[in-house]
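Data first, discussion second: the structure below is written as structure tokens.
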């Protein structure tokens with residue numbers, strides 16, 4: 001579509017409008033007038049008596065700019081008169097009325113025929129301005145001379161606020177013709193107005209549909225600003241809105257004019273290059289300042305802003321021509337057409353500006369050239385659209401074949417991918433068949449109830465089966481150690497996604513279930529204490545995973561619960577903290593003893609077992625890091641917002657009441673899971689009645705407390721007497737049992753002290769002091785092997801307890817293991833270099849390195 005064809009509708013509209021201005025009757029343009037300063041009614045009746053007092057001027061003209069008036073900035077009245085053409089008398093004789101159209105006049109004006117006033121705009125006393133108000137009125141018959149010359153006069157007045165000026169050519173003629181011509185001009189003005197509004201709204205709609213093309217927005221702003229300016233400046237209908245608010249009308253007309261050129265510059269830069277230029281932004285800011293200053297200040301400032309804008313117009317139009325010329329040089333086909341329109345518009349605008357200032361006397365043509373310019377811009381954008389559409393059609397001619405070829409290629413690739421996916425899902429399914437039997441709850445009743453919940457992130461469908469696979473695994477079982485029933489558990493998360501994680505879970509499950517099977521089958525493993533069993537189990541897992549050289553690591557919590565007394569033993573290998581749910585409140589267990597992941601070198605040197613005494617009804621919740629990695633939503637930039645608050649899980653446990661299914665629901669309510677999730681729940685004596693606090697006789701409590709006080713103060717005989725009286729009451733009290741063990745060992749009655757300490761440990765294994773006293777008593781009683789066993793248990797709980805390390809080193813010495821004794825002494829020297837017991841034991845080892 002060529003620019004010429006695109007302009008056809010616009011040219012047609014222009015010809016139609018111009019054709020409508022044909023006049024049915026005679027209208028004479030009154031351009032030549034005589035004027036003089038002041039006003040006297042006798043001046044406007046009959047012929048001019050003294051021609052030397054009168055000057056001649058061609059209208060329209062800014063009369064205040066005439067040398068005779070500009071020299072002293074004249075204010076006041078001036079009188080203008082002219083003769084009605086003689087041939088119009090023929091119409092008067094035929095009875096046809098005449099009308100006078102003065103156009104837009106500044107400022108106060110009075111209109112006379114043969115000395116009789118027949119119209120007025122504004123007032124001089126009191127002053128009421130009437131600047132830019134159009135005047136059209138019938139000439140009264142009663143003062144018209146049909147046989148003589150008729151004098152038409154206009155008296156203009158100003159007080160310095162507005163100039164004395166005719167904006168349009170005065171006309172006189174047959175009344176119907178004059179009014180019809182005025183109607184044609186108004187219709188034409190509104191036709192222009194509708195064209196600008198329609199163009200602006202259309203391109204505003206285009207911008208709303210495609211925000212990337214910002215030039216549509218600026219063209220829409222350009223057209224709409226022009227439309228509003230056109231209404232304010234070139235229609236008589238605007239008088240119904242502004243009424244007597246002449247100053248507001250003048251300010252708004254000028255202010256709108258200042259915004260036209262910046263909108264056009266923004267359109268040009270966006271249309272050709274899709275960007276803003278520094279000149280455009282600076283000039284836009286400059287015009288915005290003029291716009292605001294015009295609206296908020298007086299008319300004098302408005303005129304200064306107008307004059308400054310006229311000067312800047314030269315710079316801005318030069319920039320537009322330069323910008324478009326540069327695009328022509330770059331070979332842009334649209335620029336050639338556009339520069340012609342700019343040149344014509346600049347020439348027409350220059351003509352109108354010079355004409356309005358009175359420098360030249362030519363018709364104003366900018367209105368029509370501007371219509372063609374705006375229409376040309378619309379045609380230009382339509383032409384660009386058609387070019388783009390043509391290129392798209394050209395590219396699409398063989399698109400169907402390309403699409404078919406590409407579709408076949410994609411289908412073949414998709415078939416291959418689908419085949420590989422089926423194979424992969426088969427591998428997933430077979431792996432899940434291996435992993436699933438290893439995980440779960442294998443406990444056999446008892447006082448500890450266990451539940452597990454696993455939601456692997458990777459879910460798949462293979463043939464008729466739906467399953468899931470991942471690196472999370474939870475296992476629980478029942479074992480017997482030292483003739484006591486324990487619930488053993490592990491909650492683990494293998495490193496990696498999907499198959500890698502599942503591989504780690506498979507290895508862990510296999511090794512762990514192997515350890516459990518050997519424990520069930522071998523008395524030697526059942527003879528181990530809980531701490532020793534946990535250590536050996538973790539070291540076996542560590543040996544296997546360390547062989548993978550860091551490519552497969554495991555985070556886990558491994559533990560035991562004594563079903564008789566509720567003592568909890570556990571190891572944390574860089575796994576999320578265990579949660580204790582008690583009396584409706586959730587809290588983290590002591591987490592200071594966390595180890596590195598299973599498979600990391602050096603794990604064996606960091607072993608530390610944590611113990612905790614559970615109360616009846618306590619619930620222990622273990623979970624992988626999927627419990628924390630919850631997707632809370634997306635930010636303004638689209639980035640995912642993952643939960644970073646580890647305490648959030650405590651709130652989810654409380655909301656779920658310690659029940660796994662409800663905890664999962666609470667997690668999902670807060671966000672989406674982004675990782676594998678596994679939860680393990682252990683409850684000790686969950687449904688048992690809350691035990692009552694034992695009630696002891698007052699005499700018993702008095703004797704027991706007296707003995708404890710005496711023991712603390714070192715009065716051992718008094719302590720023994722008080723403890724004997726308390727024991728004679730036949731009341732079983734764990735506190736009394738432990739204090740009696742302390743007393744017997746302090747009085748060197750080691751065999752009795754050992755007996756009491758072991759009885760205390762049977763009831764409560766979570767007492768490090770009793771373990772130490774029992775180990776010390778065994779060593780003194782000549783049983784260093786048993787002392788080592790107890791000392792190693794305590795060492796696993798507290799590796800840096802100096803007195804236990806010293807006692808353990810001495811026990812190893814007595815057992816004949818001098819190397820182990822020296823290693824322990826070296827550790828004590830690191831902790832307490834000046835420890836006297838270490839110095840004594842070191843001296844003994846040097847003197848008697850191998851005792852019998």
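So that you can scan it fast, the table gives a plain yes or no per residue for (1) modelled with pLDDT under 85; (2) surrounded by fewer than 18 Cβ atoms within 10 Å (Cβ to Cβ); (3) over 43 Å from the mean Cα position of the chain (by Cα):
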site: 244; (1), (2), (3): yes, yes, yes
site: 266; (1), (2), (3): no, no, no
site: 270; (1), (2), (3): yes, no, no
site: 278; (1), (2), (3): no, yes, no
site: 287; (1), (2), (3): no, no, no
- Item | Options 739, 703, 675: the member that is touching a helix residue (DSSP H, G or I) at 6+ places or on another chain (Cβ under 7 Å), surrounded by 16 or more Cβ atoms within 10 Å (Cβ to Cβ) and in a loop (DSSP other than H, G, I, E, B) | 675
- Message: Tell me whether region 417-440 contains one or more residues that are free of Cβ contacts under 8 Å to residues at least 40 places away in the same chain and outside any helix (DSSP H, G or I).
- Response: yes
- Could you check residue 129 against (1) more than 19 Å from residue 48 (Cα to Cα); (2) at pLDDT 85 or above and say which number it fails? (2)
- Message: Checking the structure you have, find out if any residue of region 81-93 is over 20 Å from residue 178 (Cβ atoms) and more than 60 Å from the chain's Cα centre (by Cα).
- Response: no
- What residue, among those in region 622-643 that are more than 14 Å from the chain's Cα centre (by Cα) and not in a loop (DSSP other than H, G, I, E, B), is farthest from residue 451 (Cα to Cα)? 642
- Task: State whether one or more residues within region 499-511 are assigned by TED's automatic domain parsing to the domain that holds residue 452, more than 21 Å from residue 452 (Cα to Cα) and not in a helix (DSSP H, G or I).
- Result: no
- Task: Exactly one condition in (1) at pLDDT below 85; (2) closer than 30 Å to residue 793 by Cα is not met by residue 693; state its number.
- Result: (2)
- State yes or no: is residue 338 more than 23 Å from residue 247 (Cβ to Cβ), at pLDDT 70 or above and touching a helix residue (DSSP H, G or I) at 6+ places or on another chain (Cβ under 8 Å)? yes
- Message: Condition check: surrounded by 15 or more Cβ atoms within 10 Å (Cβ to Cβ) and at pLDDT 75 or above. Does residue 345 satisfy that?
- Response: no
- Task: Please determine, by comparing only the residues of region 458-492 that are in contact with a strand residue (DSSP E or B) (Cβ under 8 Å, 6 or more places away or on another chain) and assigned to a loop (DSSP other than H, G, I, E, B), which one is farthest from residue 520 (Cα to Cα).
- Result: 470
- Which residues, counting only those in region 78-102, are surrounded by 18 or more Cβ atoms within 10 Å (Cβ to Cβ) and part of a strand (DSSP E or B)? 78, 79, 80, 81, 82, 98, 99, 100, 101, 102
- Item | Yes/no for residue 154 being in contact (Cβ under 8 Å) with a residue 40 or more places away in the chain, more than 30 Å from residue 276 (Cα to Cα) and assigned to a strand (DSSP E or B) | yes
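The values are calculated or read from the model by the stated rules, or taken from the named source; none is laboratory data. Computed from a prediction, not measured in an experiment: that's the story for all the values here. Every residue, glycine among them, receives a Cβ derived from its backbone with ideal geometry; neighbour counts consider all protein chains shown.
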